[in-house]
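Below is one structure, written out as structure tokens; comments come after it.
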Amino acid sequence: MHVERYGEGPEVYLGLHGWGGDHRTFAPLATHLPATVSLYSADLPGCGQSPPPRDWEAATIAQEIIAAIQAIGAERITLIGNCSGANLALMAAMKLGSRIRRLVLIDMFAYMPRYFRLFTNPNYGRYAYYSTFANPVGRWVSNQSLRGHRTANTDLTSSFGTVDHNVAYQYLLMLGEIGGPEQFSDLTMPIEIVYGERTFGAVRRSVPQWRAVWPQSQAVELKGAGHLPIEEATEQLALVIFDDKENS
């Protein structure tokens, strides 16, 4: 996996982007890093500069994340997962246990909403996906229809203008098979569940589902943000991520 590094500090963070993203997802945070922090940002397998995985299984992707963490070499690490990258972060954390010091999970779904399941339908899902995300007109229409879940200066579909659509579609199918929160109930490290005030209803409804399996977790709502908090509420989010009381 290709990984970019921001900062030179001893406290190590690794960011995992969401569906349709790449390592650049975390670039807005680079100017908000404390001197004590190194933020690594990965291209998930098949995205950006990372080659595709050997198969499209969530367990395979999790193993590649684990290998990237081992290559970084830090004794303990904070994982930051954005949207579907948070679900993959959880799978890696289940394997790594105490090596993961903390989890920060941004705008994460506990289940696949009906409007995404439309795209996974075996009969017409691929056609629906390509019509919506591979087509410039489809992306524009989708972004306009979702304006209630974003700020005026952000675009929820812009990243799909440059992605490998076969890769993006494979991730969508794979993420639909990960399952719900209960399988991650053994995680005991500190967990922050962060979401935008204007995000999707399914994300907001997911928050109590996640908190039910993690009594130690905290939920943080970012004022004014939609589904893209890294872009829309960068400073608020940086305070949540890097105001790490364990290291203060």
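The values are calculated or read from the model by the stated rules, or taken from the named source; none is laboratory data. Computed from a predicted model, the values in this text were never measured in an experiment. Glycine also receives a Cβ, built like all others from the backbone with ideal geometry; neighbour counts cover every protein chain displayed. Ligands, DNA and RNA are excluded from the accessible area calculation, which covers all protein heavy atoms including side chains. Shrake-Rupley method; radii C 1.70, N 1.55, O 1.52, S 1.80 Å.
Annotations for the structure displayed:
- Top-ranked residue in region 35-62 [being without any contact (Cβ under 8 Å) to a residue 24 or more places away in the chain and either of a type in the set (Lys, Arg) or touching a Lys or Arg at 6+ places or on another chain (Cβ under 8 Å) (or both); ranked as farthest from GLU231 (Cα to Cα)]: ARG54
- Of all residues in region 148-164, one or more are aliphatic (A, V, I, L, M), within 30 Å of PRO51 (Cα to Cα) and in contact (Cβ under 8 Å) with a residue 60 or more places away in the chain.
- Inter-residue pairs, beta-carbon under 7 Å, first under 16 Å from ASN87 (Cα atoms) and in region 106-123, second assigned to a loop (DSSP other than H, G, I, E, B) and open to solvent by 40 Å² or more (accessible area, probe 1.4 Å), 6+ apart: none
- Subset of region 60-83 that is assigned to a strand (DSSP E or B) and among the polar types (S, T, N, Q) - its residue that is farthest from the chain's Cα centre (by Cα): THR78
- Residue within region 40-59 that is assigned to a helix (DSSP H, G or I) and open to solvent by 10 Å² or more (accessible area, probe 1.4 Å) present: yes
Residue by residue, here is whether (1) on the phi > 0 side of the Ramachandran plot; (2) in contact with a strand residue (DSSP E or B) (Cβ under 7 Å, 6 or more places away or on another chain); (3) aromatic (Phe, Trp, Tyr) holds:
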| residue | (1), (2), (3) |
| --- | --- |
| GLU64 | no, no, no |
| GLY73 | yes, no, no |
| GLY85 | no, yes, no |
| LEU96 | no, no, no |
| VAL104 | no, yes, no |
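- Members of region 95-128 that are closer than 25 Å to GLY73 by Cβ and surrounded by fewer than 21 Cβ atoms within 10 Å (Cβ to Cβ): LYS95, LEU96, GLY97, SER98, ARG99, ARG101, ARG102
- Test: TYR130 is touching a residue at least 60 places away in the same chain (Cβ under 8 Å) and hydroxyl-bearing (Ser, Thr, Tyr): no
- Residue within region 35-47 that is among the aliphatic types (A, V, I, L, M), in contact with a Gly (Cβ under 9 Å, 6 or more places away or on another chain) and more than 25 Å from THR199 (Cβ to Cβ) present: yes
- Every residue from region 145-182 that is open to solvent by 60 Å² or more (accessible area, probe 1.4 Å) and either at pLDDT 95 or above or touching a Ser or Thr at 6+ places or on another chain (Cβ under 8 Å) (or both): ASP164, ASN166, GLU182
- Any hit, region 188-207, residues being of a type in the set (Phe, Trp, Tyr) and either over 18 Å from the mean Cα position of the chain (by Cα) or in a helix (DSSP H, G or I) (or both): no
- Residues of region 210-236 satisfying the condition of being assigned to a helix (DSSP H, G or I) and surrounded by fewer than 15 Cβ atoms within 10 Å (Cβ to Cβ): ALA212, GLU235
- Filtering region 4-20 to residues that are crowded, with 18+ Cβ neighbours inside 10 Å and either part of a strand (DSSP E or B) or hydrophobic (A, V, I, L, M, F, W, C) (or both) leaves GLU4, TYR6, GLU11, VAL12, TYR13, LEU14, GLY15, LEU16, TRP19.
- Residues within region 24-37 that are open to solvent by less than 20 Å² (accessible area, probe 1.4 Å) and over 18 Å from LEU239 (Cβ atoms), tallied: 0
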